[in-house]
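Data block below; observations after.
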Amino acid sequence: MNQKNDDTILDVKDLKMYFPVTRGLLRRKVADVKAVDGVAFKLKRGETMGLVGESGCGKTTIGRCVLGLYRPSAGEIVFNGQDIAGFPEKKLRDVRRNMALIFQDPYSSLDPRQSAGSIVGEPLLIHKVTMAKSDYRERVEQLFRIVGLDSSMSDRFPHEFSGGQRQRIGVARALACSPHLIVCDEPISALDVSIQAQIINLLEELQSKSAGLSYLFIAHDLSVVRHISDRVAVMYLGRIVEICKSRVLYENPLHPYTRALLSAVPIADPVVESTRERIILKGEVPSPLNPPPGCSFHPRCFVAIPECSQGVPGLQDVGEGHEVACIRVPGYKRTF
């Protein structure tokens, strides 16, 4: 049933995504790669949530599960009041009209054999949004103008555009069906810094003009996430370790991993840069094939104690909606 009075557009509950590891001629399963292991968060209408963490922590896997590209091993994905985690493919197609994806690489995500106009207009045909040719052309021209491109460019092919222009085409394609949720999978990491700012500003402008448009913004650049996000969730080895408002996270990070990440972000002021605390993590990220017992971060943690290996700390509100998963944080109550 659609919860029209609820301002939550996406509610992810205990999401798990395990990929089987097989061996032998009979492809017998011998283990699981725990890409996502018990993730939970909520996204409100009109909100942008940043999802950050090191490469391989499960950010993109969460995005693909939300879009129905992966079928989760366990958990719920409640979108617009419906748990879509177990939806069959035919039923998912109707839901996907209200979802969209902006890809990371603007070079490989556009079909080189299609014109820019047909790339942008393809979702309109797939979801049967426009039936008349005149309506189709008018909508494509409108989408080009919305993202700051001249509609006369619609007959050009992807190789005739710059990287920033290609990503604008990707944004236009994502907006084609007027979705409620857009998953932005590192949409600016392959672009020059000056172009990154243009795309970020474009996304913010589109959100301000579209009532209820929500972003799940996946990135590893904390400075970009700070600029665009209302709330930020920090991931480590398949789990969310801290989640709170963007301003609070940057002013008062609580989890040791978050503190280490933020200490690596360069600051323009040379005086502050030379005097601030630098946290250098030791060792390597453990394998999701064989995660360590207890808190997965404890082998690299600079404040770890023996109890950290005895149980997995869950997210806990330590005040004003600031959730953290660490027994070493003041106010955190151990449950194991």
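Every read-out reported here was derived from the displayed coordinates using simple, explicitly stated rules and does not represent laboratory data. Since the structure is predicted, the reported quantities are computational estimates derived from the model, not experimental observations. Glycine also receives a Cβ, built like all others from the backbone with ideal geometry; neighbour counts cover every protein chain displayed.
General remarks:
- Here the gap between HIS127 and SER55, fully extended at 0.36 nm per residue and compared with their Cα-Cα distance, gives a gain of 22.6 nm.
- When restricted to Cα atoms, the chain yields an Rg and a Dmax of 21.3, 68 Å, respectively.
- Two-decimal log10 I(q)/I(0) for segment 233-336, as the Debye equation yields it once each C-alpha is a single scatterer, q = 0.13, 0.21 Å⁻¹: -0.49, -1.16
- Stretchable slack from SER194 to VAL271, in nm (0.36 nm times residue separation minus alpha-carbon distance): 25.2 nm
- Mean-square fluctuations from a GNM of the chain, with a 10 angstrom spring cutoff on Cα atoms, peak among ASP94, ASP230, ASP11 at ASP94.
- Overall Cα dimensions of segment 113-173 - principal axes, largest extent first, Å: 31, 22, 17
- Principal-axis tilt of helix 116-126 within the chain, Cα atoms, nearest 10 degrees: 80 degrees
- Cα extents for segment 5-146 along the principal axes, largest to smallest and rounded to whole angstrom: 55, 46, 32.
- Residue separation of LYS282 and ASP317 scaled by 0.36 nm, minus their Cα-Cα distance, works out to 9.8 nm of gained length.
- Spin-label model distance (nm) - ASP221 vs THR22, 7 Å beyond Cα toward Cβ: 3.9 nm
- Taking GLY283, GLY63, GLY86 as the candidate residues, the one with maximal mean-square fluctuation in a Gaussian network model of the chain, Cα springs under 10 Å, is GLY283.
- Using a Förster distance of 25 Å, the FRET efficiency for LYS245-GLU204 (Cβ separation, nearest 0.05): 0.90
- Taken over segment 70-193, the alpha-carbon convex hull comes to 126 cubic angstrom per residue.
- Relative contact order %, the chain, counting alpha carbon pairs below 8 Å whose residues are six or more apart: 19 percent
- Helix-only CD estimate at 222 nm, as mean residue ellipticity for the chain, using -39500 (n - 2.57) per DSSP H run (n ≥ 4): -8500 deg cm²/dmol
- Selected from SER154, SER73, SER208 as most flexible by GNM, with the chain as the system and alpha-carbon contacts under 10 Å: SER208
- For the cross-link pairs LYS16/LYS282; LYS16/LYS91; LYS128/LYS245; LYS91/LYS245; LYS44/LYS333, the ones whose C-alpha atoms lie over 30 Å apart are LYS128/LYS245; LYS91/LYS245.
- GluC sites (Glu not before Pro) within segment 237-336: DSSP coil, no more than 12 neighbouring Cβ in 10 Å: GLU277, GLU284, GLU320
- Computed from the C-beta positions of ASP94 and GLU138 and an R0 of 35 Å, the FRET efficiency is 0.90 to the nearest 0.05.
- A simple charge model with +1 on the Cβ of Lys and Arg, -1 on the Cβ of Asp and Glu and nothing else charged puts the dipole of the chain at about 1020 debye relative to its Cα centre.
- Cβ-based exposure ranking for SER109, SER115, in which fewest neighbours within 10 Å come first: SER115, SER109
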